[in-house]
1. If a residue has to be at pLDDT below 95 and surrounded by 21 or more Cβ atoms within 10 Å (Cβ to Cβ) to count, how many in segment 23-57 make the cut?
2. Could you please find all residues in segment 183-216 being over 22 Å from residue 37 (Cα atoms), touching a residue at least 60 places away in the same chain (Cβ under 8 Å) and either surrounded by 19 or more Cβ atoms within 10 Å (Cβ to Cβ) or not aromatic (Phe, Trp, Tyr) (or both)?
3. Where the second residue is part of a helix (DSSP H, G or I) and the first is among the hydroxyl-bearing types (Ser, Thr, Tyr) and lies in segment 68-93, which pairs have Cβ atoms under 8 Å and are six or more apart or on separate chains?
4. Could you list, in sequence order, all residues of segment 152-199 that are of a type in the set (D, E, K, R), over 30 Å from residue 116 (Cβ atoms) and assigned to a loop (DSSP other than H, G, I, E, B)?
5. Quick check: is even one residue across segment 127-141 buried (at least 18 other Cβ atoms within 10 Å of the Cβ), assigned to a helix (DSSP H, G or I) and of a type outside the set (D, E, K, R)?
6. Only residues that are among the aromatic types (Phe, Trp, Tyr) and over 22 Å from residue 26 (Cβ atoms): list them for segment 158-194, please.
7. List, please: which pairs have Cβ atoms under 6 Å, are six or more places apart or on different chains, and start with a residue in segment 138-154 that is at negative phi and among the β-branched types (Val, Ile, Thr) and end with one that is surrounded by fewer than 18 Cβ atoms within 10 Å (Cβ to Cβ) and at pLDDT 95 or above?
8. Looking at (1) more than 30 Å from residue 25 (Cβ to Cβ); (2) in contact with a helix residue (DSSP H, G or I) (Cβ under 8 Å, 6 or more places away or on another chain); (3) surrounded by 11 or more Cβ atoms within 10 Å (Cβ to Cβ), can you tell me which one residue 244 breaks?
Amino acid sequence: MSKEIVGLVAVRTASSRLKNKAFKLLSGKPIIEILVDRLKATPYLDGFVICTTALSGDDAIEEFCKKKGVICYRGDDKNVLGRFLGAMERMPSDYVVRITGDNPLSDFENMKLAFEYMKANNGDYSRPVGLPLGTACEVIKTSALRELSRRTLSHDLTEYMTYFFEMAPFIKNTLYEVKPEHRFPELRLTVDYESDLIFIQKIFDHFGRVPSLKEVVAYCKTLTEYPRVVNDPVAAAEIKNQIKFK
C-alpha cells in the first residue's frame, strides 16, 4: 500500500572537502545517526529510505542501516535522481522529501508547512525559503520526480537537484516563506568543513541536546561570529547551463 509522504536521505562517504562526514561525531554520536534518530521520531513522515551508492566505500552506510533497522537503497554514484527512483520502489508514496544525510539540523517542522502549502496550491514541488543553509528539506510529488527523470538529459548532475526543480518548465513550484523566528538565510548549518562541525558542536554544547531550529536561530542571532553562506553565482551559472530537458 502506498504511503503519503516518505523521506529520501541522500548520503555517501566520499567528499572532496570532508571525507566520511556522515560518520563524523557530534556529542559522541555520528551525524547520520543523529539524523536517523530524528527521522524515526518525527510524526511528519510515513517512513524514510537511506539512499547511498553502490561503491564499496559506502558499505559502511549499509552496515549502519542494518544495525539501525532502516531501509538502505544503493545505486549509481553520480545519478542521485536514479537512486531516488530506485528507493521509491522500496517504499512507494505519493510525495517524497529530499533530505541530505550529513545535515544533522534538517528541519521537519517547516518541511511539514511547505508540504501543506504545496498541497493547498496544487504544486509539484516546494521547499521552505529563508532557512539557514543545511536545514531546509524539499518536497516533491513522486509523479513529478518520475517526469523529471524521463525528461532530463543531465542525470549525472542531479546531485544539484534543486536547480532541476527550479528550471524544469513542467514542474509547478510553490515555495513556502518561513516565519521570522526561523528566518536566517545567511547562516551556514551544513557540514562541509571541519569548522562547520566545530560550530554545530558549539550549538549542541550550548543546549546540551539537539535543539529546535527556532532555538538555534535565536541563539545564533546573539553571536557576533557565525559561519556565513558564501554564494558563487559563476559556479551556479556553469552548472545550470549544463542542465537540459527534452
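1. Residues flagged as at pLDDT below 95 and surrounded by 21 or more Cβ atoms within 10 Å (Cβ to Cβ) within segment 23-57 amount to 0.
2. Result: 194, single match.
3. Cβ pairs passing all conditions: 73/83; 73/86; 73/87; 73/90; 93/142.
4. Correct list: 192 only.
5. no
6. 160, 163, 164, 165, 170, 176
7. Listed pairs, sorted by first residue: 152/245.
8. For residue 244, the failing item is (2).
The values are calculated or read from the model by the stated rules, or taken from the named source; none is laboratory data. Bear in mind the structure is a predicted one, so any value in this text is a computation, not a measurement. No Cβ is skipped: glycine too gets one built from the backbone with ideal geometry, and neighbour counts run over all protein chains shown.
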